[in-house]
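Have a look at the structure below before the remarks.
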Amino acid sequence: MPIQFAVIGCGAIAQRRHIPEIEANRYGKVVAVADPNEARVNDIAGELGAEAFVDHKKMLKAMDLDAVVVAGPNALHAKQTTDALRAGCHVLVEKPMATTKAEARRMIDTARKARRYLMVGQNQRLMPPHVKAKQLLDSGALGKVLSFRTTFKHPGPDGWSIDGARSWFFDPDAAFMGVTGDLGVHKVDLMRWLLGQEFATVGGTLATVDKRDARGRLIGLDDNAILQLTTARGVVGSVEISWTNYGAEENHTKLYCEKGAMLIGGDSEFGVVVDYRNGNRELHKVGAMASNEQQTSSGVADAFIDAIRKKRKPAIDGVEGYKSLTVILAAMDAAKQGKTVKIRY
Ligand SMILES: NC(=O)c1ccc[n+]([C@@H]2O[C@H](COP(=O)([O-])OP(=O)(O)OC[C@H]3O[C@@H](n4cnc5c(N)ncnc54)[C@H](O)[C@@H]3O)[C@@H](O)[C@H]2O)c1
């Protein structure tokens, strides 16, 4: 019997990744979907042969579920996750996992008490170029990482969301964070994982330069940001993120290490390029990085299903999501104060 899944929030990420990836896995089946957009949820349920609900609580009561994907607006993640955990389901929640540290702690606590798994959709860790980069770093071939620069820039959620420019992404109450919470949390999580270190301080600039709401006013959230980070062991680096890159999507990282430099996702043919200090060059052809235009399997649903089947805590669990969220909240605080701040986990 496949793992019985429900999906709460049936927008772009659910339709382009979670639902097809669960359905493609022989151990998973989507049996229910919930979304307040009645026409949307009915259509999706019809295609899947699943049950449709406009209220996730009614769904949790009515259905006998094993696992739930929480993939709606950021501000709803915490409540919908704890509701699903309390109903006895394992939960895969999209990033950012919550909008405050207290919410994230509550989610972790609820999962522990319910003895259910909580995974966070920080899928950058699973992209083939990043997996290769992690292997190379862990092998010691490049020595210690000294500094880094990481970039994630695309045209913004108005081109991605199922509801375009009218979506929750530009509503401060529903999103809570702009590009820093959307793309910044991806890159902070990636860097924490690649470095195997926690960030100690963060400073940065958050700006709204171009995105406008339905009334033509600049949105009340950041659409560009530049963050400076240091780890406790002295690695320094920057994170550059943007929702206003109207050219080709950028999703690349450069690591400057004792024995050379490594470029990830910056070459169209080779996912990882290493230039050693001694002049040698290593080109690694690995699978592609997913982009908004080019969706490749994220591996998230497979990893979650695998964890449930093998009764093993997911590697990208609530605590990992909490730490990455904490860095982002500290970055927002630093930008507001106009100074570098210590990150308190
Ligand atoms: N991991 C990634 O790479 C990635 C990529 C995109 C989005 N996301 C995350 O996924 C989440 C959803 O983003 P999206 O791009 O799919 O947004 P979207 O705007 O395309 O879809 C959001 C959906 O949520 C629904 N919704 C609104 N209120 C709801 C409620 N009360 N209950 C249930 N559903 C509700 C909307 O009707 C819509 O169908 C966000 O947290 C976002 O940060 C992650």
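Computed from the coordinates by the stated procedures, all read-outs in this text should not be read as laboratory data. Worth saying up front: this structure is predicted, and the values here are computed from it rather than measured. Every residue, glycine among them, receives a Cβ derived from its backbone with ideal geometry; neighbour counts consider all protein chains shown.
For the chain, a simple Cβ point-charge model (Lys and Arg +1, Asp and Glu -1, everything else neutral) yields a dipole of about 1420 debye relative to the Cα centre.
Once Rg and the Kirkwood radius are both taken over the C-alpha atoms of the chain, their ratio Rg/Rh works out to 0.96.
When the square roots of the Cα gyration tensor eigenvalues are ordered a ≥ b ≥ c, the ratio a/c for the stretch 156-218 is 1.5 or more and a/b exceeds b/c, which makes its shape prolate. Available extension along the chain between LYS313 and ALA102 is 73.8 nm, counting 0.36 nm per residue and deducting the alpha carbon span. Spin-label model, ASP267 to GLU23: label points 7 Å out along the Cα-to-beta-carbon direction sit 3.8 nm apart. For VAL286, the residues 5 or more places off, or on other chains, whose built amide H falls under 5 Å of its own are GLY271, VAL272. Distance between the C-alpha centres of the stretch 231-291 and the stretch 143-174: 18 Å, rounded to the whole angstrom. Extending 7 Å from the Cα toward the beta-carbon at both ASP43 and MET1 defines two label points whose distance is 3.3 nm. Per residue of the chain, the DSSP helices (runs of n ≥ 4 H) give a summed -39500 (n - 2.57) that works out to -9000 deg cm²/dmol at 222 nm. Cut-off 10 angstrom, C-alpha nodes, Gaussian network model of the chain. Which of LYS310, LYS95, LYS29 fluctuates the most? Among LYS310, LYS95, LYS29, the largest GNM mean-square fluctuation belongs to LYS310. What trypsin sites (Lys or Arg not before Pro) in the stretch 35-142 are in a loop by DSSP, with at most 13 other Cβ atoms within 10 Å of the Cβ? Filter output for the stretch 35-142: ARG115. Note on the chain: GNM, Cα springs under 10 Å; of MET119, MET289, MET97, the largest mean-square fluctuation is that of MET289.
FRET efficiency for the pair ARG277 and ASP64, taken as 1/(1 + (r/R0)^6) with r the Cβ-Cβ distance and R0 = 56 Å, rounds to 0.45.
Shape class for the stretch 203-287, computed from the alpha carbon gyration tensor (a ≥ b ≥ c): oblate, with a/c not under 1.5 and a/b at or below b/c. The 3J(HN,Hα) values that the Karplus relation (6.51, -1.76, 1.60; θ = phi - 60°) gives for the stretch 204-220 are, in residue order, x, 10, 10, 9, 10, 10, 8, 6, 10, 7, 4, 8, x, 8, 4, 5, x Hz. Gly and Pro appear as x. Within the chain, which whole H helices from DSSP have a Cα span along their axis of at least 27 Å and a mean Kyte-Doolittle hydropathy of 0.0 or more, if any? Going by DSSP H runs, the hits are 318-337.
Note on ASP171 and GLU51: the model spin-label points, each 7 Å out from Cα along the C-beta direction, lie 2.7 nm apart.
Look at the Cα gyration tensor of the stretch 1-82: its axes a ≥ b ≥ c give a/c under 1.5, and that counts as rounded. Given their separation in residues at 0.36 nm each and the Cα-Cα distance between them, LYS144 and ASP210 gain 19.9 nm when the chain is fully extended. Qualifying trypsin sites (Lys or Arg not before Pro) in the stretch 154-224, where qualification requires a DSSP coil assignment and no more than 14 other C-beta atoms within 10 Å, comprise ARG215, ARG217. Averaging the sequence gap over all C-alpha pairs within less than 8 Å and six or more residues apart, then dividing by the number of residues, gives the stretch 175-322 a relative contact order of 14 percent. Packing, taken as the mean count of other beta carbons within 10 Å per residue, orders the peptides 139-149, 251-261, 6-16 from highest to lowest as 6-16, 251-261, 139-149. Phi angles of the stretch 159-174 translate, via the Karplus equation with coefficients 6.51, -1.76, 1.60 and θ = phi - 60°, into HN-Hα couplings of x, 10, 4, 4, 9, x, 5, 8, 6, 4, 4, 9, 9, x, 6, 8 Hz per residue; Gly and Pro are given as x. Between VAL131 and ASP306, the contour length at 0.36 nm per residue exceeds the Cα-Cα span by 61.2 nm.
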